[in-house]
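Written out below as structure tokens is the structure these notes cover.
Computed from the coordinates by the stated procedures, all read-outs in this text should not be read as laboratory data. Not measured: the values here are computed from a predicted model. Please note: Cβ atoms are built from the backbone with ideal geometry, for glycine as well, and neighbour counts cover all protein chains shown.
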Amino acid sequence: MFNKLVESLKTCPIVKRGEYNYFIHPISDGVPIVEPALLREVAVLMLRALDLKGVDKIVVAEAMGIHIGVALSLMTDLPLTIIRKREYQLSGEVALHQTTGYSKGELYLNGIEKGDRVVVIDDVFSTGGTMKAILKGLADKGAEVSDVLVVIKRGECDIGRPYKYLVEIEVTKSGVNVKDTKF
Ligand SMILES: O=P(O)(O)OC[C@H]1O[C@H](OP(=O)(O)OP(=O)(O)O)[C@H](O)[C@@H]1O
Ligand SMILES: Nc1nc2[nH]cnc2c(=O)[nH]1
């Protein structure tokens, strides 16, 4: 029944970003095209997997958290905050330093108050650097993290707390191997 995510991963292209084998997929890149049926499948699987009890807000990071975050927000009626790569200088904004396998940058968290109960979702975990930065920012704001979920986990990834994933993959220079699914 739920085969679109796995089947699309098996055929996705790989490009080099320096030494890093970077897979390209609609959920993690928005290209070549995001089919509604794939997005719906991912949204339903996230909804089934997440602990949403008492949750006030969904937290995602720009850019590739946005489409999955919007899908989950529309299904749950929970508000969404998007951690941006642009600084807004709003009161209470927190700057986070992000490091991935191929990039470094600043992220800016807004819209979170002390005591908020949140879920954090993202498209991919690789080094876990992005999620660690997000979790530190949420802890600094005094938010309580109910659950962390990533759609695609590539490789071993320690973010300092338990998390959920939908699919685990291995990426080589010639393609993606699907190692595990949680549905
Ligand atoms: O586990 P990590 O090594 O931190 O990698 C995962 C992050 O990499 C990608 O974001 P990226 O910063 O490339 O931005 P994008 O969402 O704009 O593509 C992805 O969306 C994750 O947030
Ligand atoms: N699309 C995509 N996003 C990533 N984020 C971290 N690693 C990757 C990758 O290999 N592909």
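Calculate, in nm to one decimal, what residue 48 and residue 75 gain on full extension: separation in residues at 0.36 nm each, minus their alpha carbon distance.
Difference between extended and current length: 8.6 nm.
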Check your understanding: So what are the ³J(HN,Hα) numbers for the range 9-24, from phi and the Karplus equation (6.51, -1.76, 1.60; θ = phi - 60°), rounded to whole Hz, Gly and Pro as x?
Key -> 5, 5, 10, 7, x, 10, 10, 8, 10, x, 8, 7, 7, 9, 7, 10
Check your understanding: How about the range 60-144: which GluC sites (Glu not before Pro) there are in a DSSP loop, with at most 12 other Cβ atoms within 10 Å of their Cβ?
Key -> 87, 113
Check your understanding: Quick one: putting +1 on the C-beta of Lys and Arg, -1 on the C-beta of Asp and Glu, what dipole do you get for the chain around its Cα centre, in Debye to the nearest 20?
Key -> 260 debye
**Study point:** Sites matching trypsin sites (Lys or Arg not before Pro) across the range 23-131 that sit in DSSP coil, with at most 14 neighbouring C-beta atoms within 10 Å
**Key:** 53, 85, 86, 114
Point to revise | Computed [θ] at 222 nm, deg cm²/dmol, the chain (DSSP H ≥ 4; -39,500 (n - 2.57); rounded to nearest 500) | key: -8000 deg cm²/dmol
Exercise for review: Give the angle, between 0 and 90 degrees and rounded to the nearest 10, that separates the Cα long axis of helix 66-76 from the longest principal axis of the Cα atoms of the chain.
Suggested key: 70 degrees
Exercise for review: Return the long-range amide H neighbours of residue 155 (sequence gap of 5 or more, or a different chain), with a cut-off of under 5 Å between placed amide H atoms.
Suggested key: 169
Check your understanding: Can you list the residues, at least 5 places off or on another chain, whose amide H is less than 5 Å from the amide H of residue 165, using H built in the peptide plane?
Key -> 150
Practice item. May I ask for the net charge around residue 85, where only other residues with Cβ less than 11 Å from the Cβ of residue 85 are counted and Lys, Arg are +1 while Asp, Glu are -1? Key: -1
Review point. Which ³J(HN,Hα) values, rounded to whole Hz and listed in residue order, are derived for the range 87-92 from phi using the Karplus coefficients 6.51, -1.76 and 1.60 in 6.51 cos²θ - 1.76 cosθ + 1.60 with θ = phi - 60°, glycine and proline given as x?
Key: 7, 10, 6, 6, 4, x
Exercise for review: Report, to the nearest 10°, how far helix 129-141 tilts away from the longest principal axis of the Cα atoms in the chain, using its own Cα long axis and a range of 0 to 90°.
Suggested key: 20 degrees
Check your understanding: Which percent of the Cα-Cα distances in the chain go past 31 Å?
Key -> 12 percent
**Study point:** Residue (of 128, 46, 79) at the positive-pole extreme of the chain, dipole from beta-carbon charges
**Key:** 128
Exercise for review: Could you please rank 9, 78, placing first whichever residue has the fewest other Cβ atoms within 10 Å of its Cβ?
Suggested key: 78, 9
Check your understanding: Taking the Cα atoms only, what angle lies between the long axis of helix 36-49 and the longest principal axis of the chain, rounded to 10 degrees?
Key -> 60 degrees
